[in-house]
Amino acid sequence: MALSYLRSSSSRSANLLKPLSSSLPLRRHISTDTTPITVETSVPFTSHQCDAPSRSVETNPKELLTFFRDMALMRRMEIAADSLYKAKLIRGFCHLYDGQEAVAVGMEAAITKKDCIITSYRDHCTFIGRGGTLLEVFAELMGRQGGCSKGKGGSMHFYKKDSNFYGGHGIVGAQVPLGCGLAFAQKYSKDETVTFALYGDGAANQGQLFEALNISALWDLPAILVCENNHYGMGTAEWRAAKSPAYYKRGDYVPGLKVDGMDALAVKQACKFAKEHALKNGPIILEMDTYRYHGHSMSDPGSTYRTRDEITGVRQERDPIERIRKLILSHDLATEKELKDIEKEVRKEVDDTITQAKESPMPDPSELFTNVYAKGLGVESFGADRKELRASLP
Amino acid sequence: MALRNILGKRFGVGLAGRRPLSTATCDVESGNAKAINLYSAINQALLIALETDPRAFVFGEDVSFGGVFRCTTGLADRFGKARVFNTPLCEQGIVGFGIGLAAMGNRAIAEIQFADYIYPAFDQIVNEASKFRYRSGNQFNCGGLTIRAPYGAVGHGGHYHSQSPEAFFCHVPGIKVVIPRSPRQAKGLLLSCIRDPNPVVFFEPKWLYRLAVEEVPEHDYMLPLSEAEVIRQGSDITLVGWGAQLSIMEQACIEAERDGIFCELIDLKTLIPWDKETVEASVRKTGRVLISHEAPVTGGFGAEISASIVERCFLRLEAPVARVCGLDTPFPLVFEPFYMPTKNKILDAIKATVNY
């Protein structure tokens, strides 16, 4: 890698390279170092109807630093979205993912962009994981044209076709049968890809989930159902909503694995295992034991149904970013200052993107009528008075 | 006039609007009416229902702590978890369960958290609840079932927190669909729905939960179902609506009056079975009718009203029936102001109809 000194006018991608003057000669190649390191996951996996994968995960400095940066970016993005919502620049609903970043990041490390991911409305970080840009995120949140769904979807409806991200869905549990349908298509096309259908502990009690599971198991579909169990379905604790909160076992005849969702490496290992399993044997359930720091959405303070001590406790003991930070420091892969610099850089990137996103215009009013149907069907949409106002849907 | 008390513009005002007036603790015996908002009125109705019938149950997602709109505040503490309880996140399960509970002679008051989520339960409502009495030759019925759901736009609800699905249910013989316009109406109508021996779907205008404040009697009272109410007298055109839309229509009526057009405004209250006689009598007086609702115009309930009125009053009509409704698109995100049937759209249509 070139060791040139960076000027402030250089392009954004060049800003990702660390300025050399601050790093020791030994650390020069950190961000491309792929020397394998083996790390043990925080807890062993618990399995249902299958053999659990090993606790030892192969990783390397590059991956760990990428994890750190990506998660720091996601964390900062969500916090910035919180402020924007309070400033009324984001309207409607906003469901934040901070605390759960390890799931998005670990999953991506185990799969390719040809595998499909479909999730619920808590989709900002999953979108980033799939390769979405910060600009698309903030513009979409603010309802601008530059957003990934052209400003028409909002927080709950991020999509990215070129990396097979089938989006964010508002209705709880509705995405799971859809995900199994995607898996069916993948099996048909024989391209060795799988679908990850993500849902929460609240959605785990939806009937349609079990219908989808049965169909997937019957037809051996490469579907991986991932329950992001953050222990609260909106304000309801899991033990109040489910007779059996062991979501990984709920598939009965479908094998399951319980994973520490705050450990990005455990998530990576589990997803890798699940992909191999799904391609050979059909559906599998992954239960990610995770936690969200924010409330269910921006209108939920998140403290009426759980104690502040619980939240700070998780932040201290299990925070995914801190975990990777400790790993990096203990393996001497970077200094504290370097990590702090990455965080500062990320913060600046987020702030700059927000400024840029604010410049993006609102969608044209004619967009109200576009894409209701496929083009060319010429359906009329009536307005206030059928004689006076008439708009033809394109 | 109740509608005068509805404050705040439709858009640009957050739902943290007025706090209820008057915190004086009046004695029930004095028969006083207190000014309260919509969710408090609903709360009172539920409290009375639970008090007066020991076999009444209130259940749904998150109702225990008071619900996302505070309609069920205090009920679990007062009546216990055996009668006021949370269900898991399964609408189909909630309604099916409610039908069974009602079939055993109980009053099951089920809450669907947002009307947008009612569709998984659609099969249960249409195929089970509405046909139970009919197909069992009156051996069984689920008349004790009342399903409550907040509906309608709220300024920033987007696709899945703003829908008005009343038209789907109006197409189902065997159930009743009731929509109140204000706190006093809501309490009386809800108690009637709960005590009606037929399954009822009760849609509550969520925009009005905090914004609408009205004097509501504290005692137990019921308002009749299937009776429309003329809430404003006029001679030039009949306006028909329900729920939150009525306050928008009333603003249009006031402005139209400045131009010398006197509008008669009717609150339908019960959508099925709807009060055809009252609407017909009004149309016979004015000769013109305009219907307004938030749901998309094509296939909305306005279409049924229009067809029925034309059937009954064809020779009396001076102008085609006007419908000022939501557009034929999914309920949009940033485009909500364009989608909605606003006061100006209604005013334009009033003038166009009168000058036909």
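The values are calculated or read from the model by the stated rules, or taken from the named source; none is laboratory data. Everything numeric here is computed off the predicted structure, so don't read it as measured data. Note: ideal-geometry Cβ built from the backbone for every residue, glycine included; neighbour counts use all protein chains shown.
Annotations
- Comparison of B:Gly299, B:Gly326 shows that the only residue that is within 14 Å of chain A (Cβ to nearest Cβ) and surrounded by fewer than 16 Cβ atoms within 10 Å (Cβ to Cβ) is B:Gly299.
- For A:Phe196, the criteria (1) more than 14 Å from every other protein chain (Cβ to nearest Cβ); (2) over 22 Å from the mean Cα position of the chain (by Cα); (3) of a type in the set (Phe, Trp, Tyr) hold in every case but one, which is (2).
- Qualifying positions in the range A:132-171 - of a type in the set (A, V, I, L, M, F, W, C) and over 19 Å from B:Pro332 (Cα atoms): A:Leu134, A:Leu135, A:Phe165
- When B:Gly93 is tested against (1) more than 29 Å from A:Gly200 (Cα to Cα); (2) modelled with pLDDT under 95; (3) not in a loop (DSSP other than H, G, I, E, B), just one condition goes unmet, and that condition is (1).
- Taken over the range A:219-254, the criterion of being away from chain B (no Cβ under 14 Å), more than 17 Å from A:Pro320 (Cβ to Cβ) and surrounded by 21 or more Cβ atoms within 10 Å (Cβ to Cβ) is satisfied by A:Leu221, A:Pro222, A:Ala223, A:Ile224, A:Leu225, A:Tyr248, A:Gly251, A:Val254.
- Extreme residue, nearest to B:Cys253 (Cα to Cα), among residues of the range B:336-356 that are of a type in the set (Val, Ile, Thr) and either surrounded by fewer than 17 Cβ atoms within 10 Å (Cβ to Cβ) or facing chain A (nearest Cβ under 9 Å) (or both): B:Ile346
- Among residues of the range A:199-223, those that are closer than 10 Å to A:Val176 by Cα and part of a strand (DSSP E or B), counted: 2
- Filter pass, A:Tyr121 being closer than 30 Å to A:Phe184 by Cα and within 14 Å of chain B (Cβ to nearest Cβ): yes
- Any hit, the range B:123-132, residues being assigned to a helix (DSSP H, G or I), closer than 27 Å to B:Leu75 by Cα and among the aromatic types (Phe, Trp, Tyr): no
- Restricting attention to the range A:71-118 and to residues that are charged (D, E, K, R) and within 14 Å of chain B (Cβ to nearest Cβ), the residue that is nearest to B:Val154 (Cα to Cα) turns out to be A:Arg91.
- Condition check for B:Gln251: out of contact with any Phe, Trp or Tyr (no Cβ under 8 Å at 6 or more places or on another chain), assigned by TED's automatic domain parsing to the domain that holds B:Leu101 and either buried (at least 24 other Cβ atoms within 10 Å of the Cβ) or part of a helix (DSSP H, G or I) (or both): no
- Just one of the listed residues (B:Phe338, B:Phe331) is touching a helix residue (DSSP H, G or I) at 6+ places or on another chain (Cβ under 8 Å), without any contact (Cβ under 8 Å) to a residue 12 or more places away in the chain and within 30 Å of A:His157 (Cβ to Cβ), and it is B:Phe338.
- Within the range A:32-89, the set of residues being within 27 Å of A:Leu333 (Cα to Cα) and in a strand (DSSP E or B) comprises A:Ile37, A:Thr38, A:Val39, A:Glu40, A:Ser56, A:Val57, A:Glu58, A:Thr59.
- Residue in the range B:97-118 that is hydroxyl-bearing (Ser, Thr, Tyr) and either over 27 Å from A:Gly173 (Cα atoms) or away from chain A (no Cβ under 14 Å) (or both) present: no
- Evaluated against (1) outside any helix (DSSP H, G or I); (2) more than 26 Å from A:Asp319 (Cβ to Cβ); (3) at pLDDT 95 or above, A:Asp252 falls short on exactly one condition, (3).
- Candidates B:Ala295, B:Ala322, B:Ala281 - the one that is in the same structural domain as B:Ser247 (by TED's automatic domain parsing), in contact with a helix residue (DSSP H, G or I) (Cβ under 7 Å, 6 or more places away or on another chain), free of Cβ contacts under 8 Å to residues at least 40 places away in the same chain and of a type outside the set (Asp, Glu): B:Ala322
- Filter result for A:Cys180 (touching a strand residue (DSSP E or B) at 6+ places or on another chain (Cβ under 8 Å), of a type outside the set (D, E, K, R) and within 14 Å of chain B (Cβ to nearest Cβ)): no
Per-residue answers, yes or no, for (1) over 29 Å from B:Ala103 (Cβ atoms); (2) among the hydrophobic types (A, V, I, L, M, F, W, C); (3) over 11 Å from the mean Cα position of the chain (by Cα); (4) not assigned by TED's automatic domain parsing to the domain that holds B:Met340:
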residue	(1), (2), (3), (4)
B:Gly174	no, no, yes, yes
B:Ile179	no, yes, no, yes
B:Arg184	yes, no, yes, yes
B:Lys187	no, no, yes, yes
B:Pro197	no, no, yes, yes
B:Pro205	yes, no, no, yes
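- Subset of the range A:90-110 (residues that are of a type in the set (A, V, I, L, M, F, W, C), touching a residue at least 40 places away in the same chain (Cβ under 8 Å) and either within 23 Å of A:Asp191 (Cα to Cα) or not in a loop (DSSP other than H, G, I, E, B) (or both)): A:Ala102, A:Val103, A:Val105, A:Met107, A:Ala109, A:Ala110
- Looking across the range B:59-87, the residues that are in contact (Cβ under 8 Å) with a residue 24 or more places away in the chain, touching a strand residue (DSSP E or B) at 6+ places or on another chain (Cβ under 9 Å) and farther than 20 Å from B:Val200 by Cβ come down to B:Asp62, B:Val68, B:Arg78, B:Phe79, B:Phe85, B:Asn86.
- Among (1) without any contact (Cβ under 8 Å) to a residue 40 or more places away in the chain; (2) within 26 Å of A:Ser56 (Cβ to Cβ) - the single one A:Arg240 does not satisfy: (2)
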